[in-house]
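Beneath this line is the structure, given in structure tokens, with notes to follow.
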Amino acid sequence: METTIGRRIRQSCKARKVSQKTLAEKMGWDESQLSRVINDQRKVSAGEIAEIATILDISLDWLITGDDKFWVPSDVAARHDRDPETGEYRQNLDDLDVFRSIGLVYKQAYR
């Protein structure tokens, strides 16, 4: 059975424990619009696909092609911030977004 974007969205929602209702709300859609996408009755634009990938924190490449890793590694970052109270380090989320974008560009360029 061929995997479609709709099926990958359904799988991602389930794995990320994001309800379809929540995803629809974050997209500014009603549930029926998302249902049509998931059931392959409605096509999605490139912008909508990118927004879905961002909301679900999944690989844009995987969402489109099904060929890449499902998730985006959340530990990739140039800088780490240290919380002075707890002494723990956490990734800088601004850097993380930049690295995800750069990584996707390189993947597309060197296929």
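Observations on the model:
- Figure legend. Inter-residue proximity from region 5-19: first residues in the same structural domain as L56 (by TED's automatic domain parsing) and free of Cβ contacts under 8 Å to residues at least 60 places away in the same chain, second residues surrounded by 18 or more Cβ atoms within 10 Å (Cβ to Cβ) and among the hydroxyl-bearing types (S, T, Y), beta-carbon distance below 8 Å, spacing 6+ or different chains. Indicated pairs: V18/S12.
- Of the helices (runs of 4 or more DSSP H) contained entirely in region 1-89, those carrying at least 1 residues that are within 14 Å of the chain's Cα centre (by Cα) and modelled with pLDDT under 90 fall at 46-56, 60-65.
The values are calculated or read from the model by the stated rules, or taken from the named source; none is laboratory data. Keep in mind that this is a model prediction, so the values were computed, not measured. Cβ atoms come from the backbone with ideal geometry, glycine included; neighbour counts cover every protein chain shown.
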